[in-house]
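Read through the structure below, which is laid out as structure tokens, and then see the notes.
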Amino acid sequence: MTDLDQRIASVLRERADGEIDARRLLRGSRALGRRRQVRRRMTAGTALALVGVLGFVGVVKADVGGLAGRMPWTATTPGVSPPPVPPLADGVPGAAAGPTLVGSDPQVLHFGVDPERARYLGWGAHQGTIESVRFRVGAGTPVLVEVTAAAGGLDDFPVEGLPVDVVREPLPFDGSIRPVSGRAGLLMSWQPVPGLYARASTTDLDQNALRRAVEVLRWDTARRCASPVRPTELPSGARVAGCDVDVSSFPGLVTAELTINRARTQYMWLRYRYASHVAGGRTEGNRTVAGRPAYLSSDGTSLELLGLPRVDLIAQLRWAAAGAEPSGFTEAEAGMLLAGAKVAANPTDPQTWP
């Protein structure tokens, strides 16, 4: 059983006589997603190293994603195009002017970084919970900043790249920086404006570097949660509830995951992964989606649309695990999601992102 399944089972047991807490279910999903993302990135480094040394391009298909700046073998090659900058959301106020808007729209980031002073590595927005930006200043260690409009809204979220149990007690939000146990990194918590709660984390141990890094944050502008994939047709009653994008190894690697929600406990994920150095993969399907070959996994947990060069596009109905609860979405609805997905004509050119 996966961490997500355990969290779901726990919530269901606790709320057996009451209303299901969908927010906690989403927290579990996000926590699992982050740990899966770290594992994907570690796999990416190994896969790309093998590709470069053994010449297996066109043969190997790996579960890949970028983690530039964390491990030397996954760092983006100097001189390549810089990662994308989320485009401005015209007419939408930033968090400083509207702190309660943070987390209100899963397709909008109400804060960001100064692109002249820092490099975007990733971003995410989840309705009703948090918004996040991962970035790097110069050659420094990546910093992850997560923001919420709810007091205590970050307490149950594991910190990416740091031990899962690093947040053991409510954060003070007084601007203090504390080292993580075992010297695994640093954690800073503060209120940029009244009613807004922010947490910055890094694997670096230089407190001055962390303070300098958060100075590049911009709270006066809003940006779109841009992604190389966009759903245009959703199952009845469903909505996009979350957006996560990783461009830390752009232009070679780009990953994105959109959370689809219906009712209180029904979730499905649209997963996108582009890997320029890894070709090949599954070519024969066992299903057809909008006249194109698709493949339904043997356990029925995911449906993949085939035939996209160097791109994996998957509708994840639920995570593969013994006893995993059904998501509430059907295979036909997963096919509808894939059929209506618009993908970037050129993932390395953000101007083509839908």
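Side notes on the structure shown:
- Zone of Thr330's modelled label, taken as backbone nitrogen in the stretch 271-313 under 20 Å from a point 7 Å along Cα→Cβ: 286-292, 294-305
- Percent accessible area from carbon and sulfur atoms, the stretch 224-302, protein chains only, probe 1.4 Å: 43 percent
- Remark: spin-label model distance Thr288-Ala97 equals 5.2 nm, labels positioned 7 Å along the Cα→Cβ axis.
- Taking 0.36 nm per residue of sequence separation and removing the Cα-Cα distance, the Glu215/Arg183 pair yields an extension gain of 9.2 nm.
- Mean Cα-pair separation over length for the stretch 233-349, i.e. relative contact order, pairs under 8 Å, 6 or more apart, %: 24 percent
- Gain upon complete extension [Asp204, Ala139; 0.36 nm per residue less C-alpha separation]: 22.2 nm
The values are calculated or read from the model by the stated rules, or taken from the named source; none is laboratory data. Quick caveat: nothing in here was measured; it's all calculated off a predicted structure. Virtual Cβ from ideal backbone geometry, glycine too; neighbours counted across all protein chains shown. Heavy atoms of the whole protein, side chains included, go into the accessibility calculation; ligands, DNA and RNA do not. Shrake-Rupley method; radii C 1.70, N 1.55, O 1.52, S 1.80 Å.
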